[in-house]
Amino acid sequence: MVAIKTNVRWENFQAARETLGKVLHTLQDFYSHSNWVELGYTEPYINLIRPDLPLENLADVNTATCSDCASGTCPNPILPNILKEKKLTSGYMGIFSSAKPKGKCSHGGEGDLTSTTVPRGGINKDERRSDNVAFHTAAVNAAVAASLQLLEDIRLAVGDNDFLRMMGIARSSVVCFVIDTTGSMSDDIDEARAVVYEIIDSKKGTQDEPSEYILVPFNDPSFGPMIRTTDPDKMKKEISKLKATGGGDIPEMCLSGLQLALTGAPALSYIYVFTDAIAKDIALKDTIAALIRRTKSTVSYLMTGASRRRRRSIRAASFDDYKDLALASGGQAIQVSKRQLPEATDIIIDTSTSALVTVLQRARHPGKQETFPFMLDESLQNVTIYITGTSITFTLTNPAGVSQSNTEASGKLGTIKTVGNLRRIRLSADKLTGTWQLNIKSNQPYTLKVTGQSTITFIYDFVESFKGPHPGYAVLSGRPQTGQPATLMVSVMGRKGPSSMTVGNIGLITVSGPEAVSNSTMTDMGNGDILVTVDEVPEGEFVVILKGTDKVSNSEFQRQSTTQMSVSKVNIQVCVFTSSSQP
C-alpha cells in the first residue's frame, strides 16, 4: 500500500495499478484461503492493511489445525479447539510436493498435492460448492468489504482526482500535443498555439476536460522533453514558450517525438501531431505502429504546407506514412494550409470528447465507388462522419430515403465542412435510427469514419487460457497467430448495465480489404463479459466489430474498435530450467 500511494503521488499510475492488483489478489485470497469466516468473523481483518497493528492469535507450525476429510467435501474440517480458541490459520498448498507439517490444513483442489496427505481435504472457498455455500458466501462478502476498505484508505491518502486517475476511470482521456518547433514552422507555430489554446479553453471546466495534458516538442536532431500537467493554464504557459528555431530544410524527428508521447502517455490517450515536414526518422514507423496497438491510443496528424519542403529519399518517407499511422490508430491525417489550421480546431475537439465511440471505419486504396451501410441507434449523440481524400463526391442517405450530397453544405441531414483534405459531416440532432448509407465515388485513396457519443460501448483483449489452482484467462502478451483461431474477452457496457443489451454478433473485420467478418462463437461469462473464439484471424490489419440490440430503445446498434490490430507470424516462447533440468 505504501508503494501504491507513492506511485500515485509521483503520477506513476500504471505501476500503482499493477501493485494494486497484486495487493487485492492477496487480500481477497485471505478470506478464501484462511479460516477467518469459519471462526465466525463477518467483518474484514483490518490488521492486514494496518502496519501498526500486529497479526494476532496465529496457529504456530506445531499446532494441528484440521481433521481428516477423506471425501474432500467436509463442511468444516477445522478442529474444534482451533474454533474455540479462535486461532487463525490457512491451508498449505503443494504444487510440486505433497509434504506439509503434521496435522495442518491443506488448500485443497486438484492442483494441491498436499490435499492427499492426512489430514486430507482442504479449506479453500474459491468456488461455490454444495458443501461450502455458507462459508463461500461469507468469504466473498468479507473480501468485497475488505477491498472497499483498502480502496477507501488509498483514496483518502491520495485524494479523489488522483485516485480516479489511478483507477483509469477519470472522466475523460489524456490529450497530448506533439509539436514541430523547427525554423520552417515559424509561420505555423503561432497558428498551432492558437488552436491548442482554443481546445484547452473550450474544454476547461466541462465534463470533457482532459484528465491530463502532455506536450512533446520535437526539432532536429533533438526532441522532448515530455511536459505533463493536470492544470490547463500551466499547459498553456508551457506552449507559449515554444519557439520555431533550428532544423534545416530537411525532414524532422517527428516519429521520435511521437514515440516519446506514446511511451509516456497512458493507454487510450488522444495524441495530436503538428508538423510541416515528412519524417526523418522513418525507420521508427513499425515501432510506432506496435506502440499504437499496445496502448490503443489515437494519433491524428495536422500537416501544413508539405509541398514547400524539400524531400529526401529516406526510405520513401512521405505524408502517406502519417496517413498509415493515423489509420492504424483510428485517427485522422489532415493536410491543411496555414490559413486553414484554425478551422481544424473543431475536428480535434470532436475527437477528444468523452464517451466517444466508433460506429464504422473503412479505408480504400486505391479508391473506388462503394456504398457503406452503417447502423445508428437511439443512444448516439453528436454523430459525425469524416471522409479524408481528394477528388471525392458522396451522397448520404438516411433510413427514410432522404439524401444529401457533398455539394450541400447545409442540408436536410446535417452540415458539411471541408478543411484541407477532410470532409466533416455533422448529422442533425433529430437523426433517424436504423440503417444509413454513404455512397462514395473517387479513384483516389480515401478513408471513412463514423463516430458519436454513447454509453453503449465495449473493450476487449486477446486472451489465452491457463491451467493451475486458479484456471482462467490471461491477456495475450503478443499478437494472435496468423491463420490460427484466437480468443477474445469482450466487456460490453450499456446504458443501464449489461442486461439492457442483447449482443448479436462479435467478429473481426478488415478495414482496408473486403468486408468479410470472421466466424466466431460466443460464450456469456456474466456481468457483460463475453468470451469470443474466432475460427481464423484475418490477414493484414483488422478491427473488432460488435452488433446487437439496445433493449432500452429497442434499436439495433453497431460498434467498432478504434485501433487496428494485425497477426504475428512468429511465436516466441521462453522456457525456464531449474538447476536440475537439462535443456
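The fraction of Cα-Cα pairs per 5 angstrom bin, counted from 0 for the range 119-160, comes to 5, 21, 18, 15, 12, 9, 9, 6, 3, 1 percent, rounded to whole percents.
Classify the range 457-566 from the C-alpha gyration tensor, please: rounded if a/c falls under 1.5, else prolate or oblate depending on whether a/b exceeds b/c. Can you show the working numbers first?
Values: a/c = 2.19, a/b = 1.15, b/c = 1.90.
Oblate.
Within the chain, the cysteines lacking any other cysteine Cβ closer than 4.7 Å to their own Cβ are 176, 254, 575. As a rough guide to protection, the peptides 205-211, 571-577, 521-527, 539-545 ranked by mean Cβ packing within 10 Å, highest first, stand as 539-545, 205-211, 521-527, 571-577.
Here the accessible area is traced with a 1.4 Å probe on the protein chains. For the range 383-429, carbon and sulfur cover 49 percent of it.
Inter-label distance, residue 572 to residue 294: 1.1 nm, where each label sits 7 Å from its Cα along the C-beta direction.
Starting from the alpha-carbon convex hull of the chain, give the projected area averaged over all orientations, in nm².
On the way: hull surface 125.8 nm².
Averaging across all directions leaves 31.5 nm² for the Cα convex hull.
3J(HN,Hα) couplings calculated from phi for the range 60-69 with the Karplus curve 6.51 cos²θ - 1.76 cosθ + 1.60 (θ = phi - 60°) are, in sequence order, 7, 5, 8, 8, 5, 10, 10, 8, 6, 10 Hz; Gly and Pro show x.
Pop the C-beta distance of residue 441 and residue 85 into the FRET formula with R0 = 60 Å and round what comes out to the nearest 0.05. Show your work: numbers first, answer last.
Numbers: r = 84 Å, r/R0 = 1.40.
That gives a FRET efficiency of 0.10.
3J(HN,Hα) along the range 138-148: 5, 5, 4, 4, 5, 5, 5, 4, 5, 5, 5 Hz, from the Karplus curve 6.51 cos²θ - 1.76 cosθ + 1.60 with θ = phi - 60°, whole Hz, x for Gly and Pro.
Could you run the Karplus curve 6.51 cos²θ - 1.76 cosθ + 1.60 with θ = phi - 60° over the range 79-86 and give me ³J(HN,Hα) per residue in whole Hz, x for Gly and Pro? Each residue of the range 79-86 in turn: 4, x, 5, 5, 5, 5, 8, 6 Hz. The residues 349, 169, 509, sorted by heavy-atom accessible surface at 1.4 Å with ligands and nucleic acids left out, run 169, 349, 509 from largest to smallest. Accessible surface area normalised per residue over the chain is 47 Å², counting heavy atoms of protein chains with a 1.4 Å rolling probe. Normalised by the number of residues in the chain, the average gap of Cα pairs under 8 Å and 6 or more apart makes the relative contact order 9 percent.
A 1.4 Å probe over all protein chains sorts 388, 26 by accessible area into 26, 388, starting with the largest. Straight-line cross-link reach from residue 338 at under 28 Å between alpha-carbon atoms covers these lysines, not counting any fewer than eight positions away in the same chain: 203, 204, 234, 236, 237, 241, 243, 280, 285, 323, 417, 449.
What is the percent of Cα-Cα separations in the range 172-354 that go past 22 Å? Working shown, then result.
Numbers: 6239 of 16653 pairs.
Every Cα pair in the range 172-354 considered, those over 22 Å come to 37 percent.
Residue 521 sits among other residues whose Cβ lies under 13 Å from its own Cβ, and their net charge, with Lys and Arg +1 and Asp and Glu -1, is -3. Only lysines eight or more places from residue 22 in sequence, or on another chain, were considered; those with a Cα closer than 16 Å are 5.
When DSSP assigns beta bridges and you keep just the ones with both residues in the chain, what percent turn out antiparallel, to the nearest 5?
Details: 89 of 115 bridges.
Taking every DSSP beta bridge with both residues in the chain, the antiparallel ones total about 75 percent.
The values are calculated or read from the model by the stated rules, or taken from the named source; none is laboratory data. Only a predicted model underlies this, so the values are computations on that prediction, with no experimental measurement involved. So basically every Cβ, Gly included, is an ideal-geometry build from the backbone, and we count neighbours across all protein chains shown. Accessible surface areas use protein heavy atoms only, side chains included; no ligands, DNA or RNA. Shrake-Rupley method; radii C 1.70, N 1.55, O 1.52, S 1.80 Å.
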